[in-house]
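So the structure is just underneath, and the comments pick up after that.
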Amino acid sequence: MAAMAGAVRTAAVRGEQPGEIVPAPVHVAIIMDGNGRWAAARGLPRVAGHRAGAQAVRRAIEAAIRHDVQWLTLYAFSSENWRRPAGEVRDLTGLLRHYLRHEVAELAAQGVRLRFIGELTRFDADIQAELLRAERETAANTRLNLVIALSYGARAEIIDTARRIAAVVQAGRLDPATIDEAVFAAAMATAGIPDPDLILRTSGEQRLSNFLLWQAAYAELMFLDVLWPEFGESHFAAALAEFARRERRFGARPG
Ligand code: IPE
Ligand code: IPE
Ligand code: MG
């Protein structure tokens, strides 16, 4: 019912017939790219772009809530981003620490449930403690499920899953012949999270950069010519409208 109400509201936002049902995505995932270019275009240091990017995160969360999207996944830091210069990694982890300490209470008040995926143990102990606290303190919320991918890499996630399944097989508790997509998905860090229906990437780059490779199998992809710090409600609404125009076939023949 909630999904249907969301679809009706999306149609209203698009200015179409009131009450018209349009397909609304249950899960939107965003590759938030272009902070560095945004800063460079203004003669600012890259960290200013990352700070402005944090404001865009707020707008994206508010837009998801307004459009009744149930799941929002944000790619905030990739496994490969550790390869950036130490100063930039410090700036990014510093911003993450600040965000966790100062924004979680507001997110909790908005009814947001937070979850984190990625190699979280690579962060400093105090950040790991904040991540656990944020998950714990928002665990009962249901308005929006917000998943933040941190030190996340899809290949590492798939390998980690294979390793965990192999250990269960080795212990004699699983017959390899019974491993299917459902068994594999249930062993992943994203178990219980619906696959993304729509993946957006800002900055104009047209690649996934190791994001949700397993889960993206049938996601609609959209590459927006906007730098992440400029992202706002209008981009989110336009992406939902474009999503509603797409025909998803999942390999079957169109009806
Ligand atoms: C996205 O912006 C933020 C992260 C990847 C952490 P970038 O920092 O990648 O910005 P560009 O791509 O260099 O413009
Ligand atoms: C992808 O952006 C990762 C995040 C947005 C967190 P990158 O800027 O790291 O990706 P590449 O290096 O351009 O592929
Ligand atoms: Mg980038």
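Filter segment 198-212 down to the residues that are closer than 9 Å to residue 223 by Cβ and not in a loop (DSSP other than H, G, I, E, B), then identify the one that is farthest from ligand 1 (Cβ to nearest atom). Residue satisfying both the conditions and the ranking: 200.
Pull out all pairs, ordered by first then second residue, where Cβ-Cβ is under 6 Å, the residues are six or more apart or on different chains, the first lies in segment 183-206 and is within 25 Å of residue 24 (Cα to Cα) and among the polar types (S, T, N, Q), and the second is within 16 Å of ligand 3 (Cβ to nearest atom) and part of a loop (DSSP other than H, G, I, E, B). Cβ pairs passing all conditions: 202/33; 202/34; 202/224; 202/226; 202/231; 203/33; 203/34; 203/227. For segment 214-250, a residue qualifies if it is in contact (Cβ under 8 Å) with a residue 60 or more places away in the chain and within 16 Å of ligand 3 (Cβ to nearest atom), and the qualifying residues are 226, 227, 228, 229, 230, 231. Against the conditions (1) within 13 Å of ligand 2 (Cβ to nearest atom); (2) of a type in the set (Gly, Ala, Ser); (3) farther than 19 Å from residue 130 by Cα, residue 41 satisfies every one except (1). Listed by position, the helices (runs of 4 or more DSSP H) enclosed by segment 1-96 that each have at least 1 residues that are charged (D, E, K, R) and modelled with pLDDT under 95 are 2-13.
Sort out which residues of segment 109-123 are within 22 Å of residue 190 (Cβ to Cβ) and not charged (D, E, K, R), and write them in order of number. Answer for segment 109-123, where residues must be within 22 Å of residue 190 (Cβ to Cβ) and not charged (D, E, K, R): 111, 112, 114, 116, 117, 118, 120, 121, 123. Test residue 137 against the criterion of being within 16 Å of ligand 3 (Cβ to nearest atom) and at pLDDT 95 or above, and give yes or no. No: the conditions fail for residue 137.
If the requirement is being in contact with a Gly (Cβ under 7 Å, 6 or more places away or on another chain) and either of a type in the set (D, E, K, R) or more than 25 Å from residue 110 (Cβ to Cβ) (or both), which of these qualifies: 174, 144, 227, 213?
On the way: 174 fails: in contact with a Gly (Cβ under 7 Å, 6 or more places away or on another chain); 144 fails: either of a type in the set (D, E, K, R) or more than 25 Å from residue 110 (Cβ to Cβ) (or both); 213 fails: in contact with a Gly (Cβ under 7 Å, 6 or more places away or on another chain).
Of the residues listed, the single one that is in contact with a Gly (Cβ under 7 Å, 6 or more places away or on another chain) and either of a type in the set (D, E, K, R) or more than 25 Å from residue 110 (Cβ to Cβ) (or both) is 227.
Considering only residues in segment 161-182 that are under 28 Å from residue 26 (Cβ atoms), touching a helix residue (DSSP H, G or I) at 6+ places or on another chain (Cβ under 9 Å) and part of a helix (DSSP H, G or I), the one that is nearest to ligand 3 (Cβ to nearest atom) turns out to be 161.
Scanning segment 158-181 for residues that are of a type in the set (A, V, I, L, M) and either surrounded by 10 or more Cβ atoms within 10 Å (Cβ to Cβ) or under 25 Å from residue 212 (Cβ atoms) (or both) yields 158, 159, 162, 165, 166, 167, 168, 169, 174, 179. Against the list (1) more than 13 Å from ligand 1 (Cβ to nearest atom); (2) without any contact (Cβ under 8 Å) to a residue 24 or more places away in the chain; (3) of a type in the set (Lys, Arg), the condition residue 101 fails is (2).
Would a scan of segment 64-72 turn up a residue that is β-branched (Val, Ile, Thr), within 12 Å of ligand 1 (Cβ to nearest atom) and farther than 17 Å from residue 134 by Cβ? Before the answer, list the steps.
Going residue by residue through segment 64-72, those that are β-branched (Val, Ile, Thr) are 65, 69.
Next, from what is left, pick out any that are within 12 Å of ligand 1 (Cβ to nearest atom): none.
No, because not a single residue in segment 64-72 is β-branched (Val, Ile, Thr), within 12 Å of ligand 1 (Cβ to nearest atom) and farther than 17 Å from residue 134 by Cβ.
Hey, could you check segment 56-114 for residues that are among the hydrophobic types (A, V, I, L, M, F, W, C), within 14 Å of ligand 2 (Cβ to nearest atom) and over 17 Å from the mean Cα position of the chain (by Cα) and say which is surrounded by the most Cβ atoms within 10 Å (Cβ to Cβ)? For segment 56-114, the residue satisfying everything is 92.
Considering (1) of a type in the set (Gly, Ala, Ser); (2) surrounded by 17 or more Cβ atoms within 10 Å (Cβ to Cβ); (3) farther than 23 Å from residue 32 by Cα, the lone condition that residue 134 does not fulfil carries the number (3).
The values are calculated or read from the model by the stated rules, or taken from the named source; none is laboratory data. Worth saying up front: this structure is predicted, and the values here are computed from it rather than measured. When we count neighbours, we look across all protein chains shown, and the Cβ atoms used for this are built from the backbone with ideal geometry, even at glycine.
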